[in-house]
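Working notes, structure below.
Computed from the coordinates by the stated procedures, all read-outs in this text should not be read as laboratory data. Remember, it's a predicted structure, so these values are computed and weren't measured experimentally. Here the Cβ positions follow ideal geometry from the backbone for every residue, glycine too, while neighbour counts run over all protein chains shown.
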Amino acid sequence: MPDLSRRGFAFGAAALAGTALLRPGAALALADPELRPMTGDAAPITREERLARVAKAQELMRRNRIGAIVIEPGSSLDYFTGVQWHRSERLTAAVLPARGEAVIVTPFFEEPSVRETLSIPADVRPWQEDEDPLRLVAGALRDRGAASLPVGIEETVRFFAVDGLRKALPSATIVNAAPVVRGCRMVKTAHELALMQKATDITIAAYRYTYPRIREGMNPAEIGAIMNGATKALGGDPEFALILLGEASAYPHGSHKPQRVREGEIVLMDCGCTVHGYQSDVSRTFVYGRANDHQRKVWDQVHQGQRIAFGAARIGAPAGSVDDAVRRQYEAWGYGPGYRLPGTSHRTGHGIGLDGHEPVNLVHGETTPLAAGMCFSDEPGIYIPGQFGVRLEDCFHMTPDGPRWFSSPPPSIERPFD
């Protein structure tokens, strides 16, 4: 899937999910009686589930001798507290202590809005515009008996917040909260897996709707609009629709150069959506018209690469060993070596859940052992600069008996959505 921090580049003009929905193709899909919402049986995460997450986090804090963790708005704040808020220069943060109730620090005038999505018991402490919010964070740590123990910082918290906390609580020992946050978020529950499955089912259904409607001369934004419109009509929230045509498919996150669908050229689609916050990520590559021998050969190699990765994903195996297994075969075919081109210039896969890219990755050197409940993309694309690229991407989750697909890889370049 694309790096979402680069959306403006990867999607090109007007191809973002929000703007694409304004295009005619999206409007037609939204109104098409063929498409019906698929999310009637999808339930959001409950208060009780979040309380269980907090309890697990507190156990991990005690095990790692961490007094509390500090979290800014984003997926981790949503994961533990339900608070769905944005980051700005005005700090909103949660303090989750190893013992006791959570504390939410937020601007005074934002408090009512922040409370709208708060789904666990918490002490909300508002700050005024002329106050330092990090002093309130420091006070929360003292009140919860956590100031004398290491304070864990969620790994995406911004520097100004960490620096401000150091000044407000000079005696604090600052540590990485990853053992706690990753220890909770990397292992998905049955409910989380069901939401990811639903999101994947919607993405596959939207692909099947979009595929026969692609026409010669279309540009990426027009195709993305149909895909996002179908996704919305099916009940998903469109997250991204990266469409790469012809030579642009050789560059994993696309090109600024004008692109049009042409007979005999590659169409690479990398699309996903969310259902109650949980993401899908599916890529398909096919040829508009008839594939030539070279295109078919590379497609078949990527298809085999997916199977190699899936076969290497075993309980207890280091995550990096999955990438290594694929790369050994690719190098035997003359690609690389390593991450060099032509070949696979990116990791074989990434973690996925509330975020499209989550720890850990299927990348060389990653030693984290695979465990039941972990979720990954499987996307060992092959890219030939100046010609084309092929990426097939399906996600899987680990079970005690090994990996299980959210979506199954397609059988051939001629049948990309079977």
Straight-line reach only, C-alpha to C-alpha below 14 angstrom: list the aspartates and glutamates that K257 could link to, leaving out same-chain residues fewer than 8 apart. E247
Long-range amide H partners of V175 with built H, under 5 Å: V151, G152, I153
3J(HN,Hα) from dihedral phi, the stretch 320-333, Karplus parametrisation 6.51/-1.76/1.60, rounded to Hz, x for glycine, proline: x, 5, 5, 4, 4, 4, 5, 5, 4, 5, 4, 5, 5, 8
Acute angle (nearest 10 degrees) that the helix 47-63 long axis makes with the longest principal axis of the chain, alpha-carbon atoms: 70
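Using 0.36 nm per residue of separation minus the Cα-Cα distance, give me the extension gain between R328 and E155 in nm, one decimal. Display every interim value, and only then the final one.
Values: separation 173, 0.36 × 173 = 62.28 nm, distance 3.23 nm.
Contour length minus Cα-Cα distance gives 59.0 nm.
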Rounded to the nearest 500, what is the chain's calculated 222 nm mean residue ellipticity when only DSSP H runs of at least 4 contribute -39500 (n - 2.57) each, over all residues? -10500 deg cm²/dmol
Less than 17 Å apart at the alpha-carbon level, and either on another chain or at least 8 residues along: which lysines does that give for K232? K198
Helix 133-143 sits at what angle to the longest principal axis of the chain, using alpha carbons and giving 0 to 90 degrees rounded to 10? 60
If contacts are Cα pairs under 8 angstrom and at least 6 residues apart, what is the relative contact order of the chain in percent? 16
Taking the Cβ of G25 as the centre, find all other residues whose Cβ is under 13 Å away and add up their charges (Lys, Arg: +1; Asp, Glu: -1). +2
Rounded to the nearest 10 degrees, the helix 159-168 long axis (Cα) sits at an angle to the longest Cα principal axis of the chain of 10
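When only C-alpha pairs under 8 Å and at least 6 residues apart count, what is the relative contact order of the stretch 238-329, in percent? Spell out each step's value before the answer.
Working: 117 pairs, mean separation 19.1, N = 92.
After rounding, I find 21 percent.
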Hey, can you grab everything whose amide H is under 5 Å from the amide H of V287? Only 5+ residues off in sequence or another chain; H modelled, so Pro and N-termini drop out. V267
Taking amide H atoms as placed 1.01 Å from N in the peptide plane, list the residues 5 or more away in sequence, or in a different chain, whose amide H sits under 5 Å from that of K188. M374
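With the Cα gyration tensor of the chain in hand, give its eigenvalues times 5 under a square root as the equivalent ellipsoid semi-axes, listed largest first in whole angstrom. Numbers along the way, then the final one.
Working: eigenvalues 324, 120, 72 Å².
Those come to 40, 24, 19 Å.
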To the nearest 20 debye, what charge dipole does the chain have about its Cα centre, counting +1 at the Cβ of each Lys and Arg and -1 at the Cβ of each Asp and Glu? 540
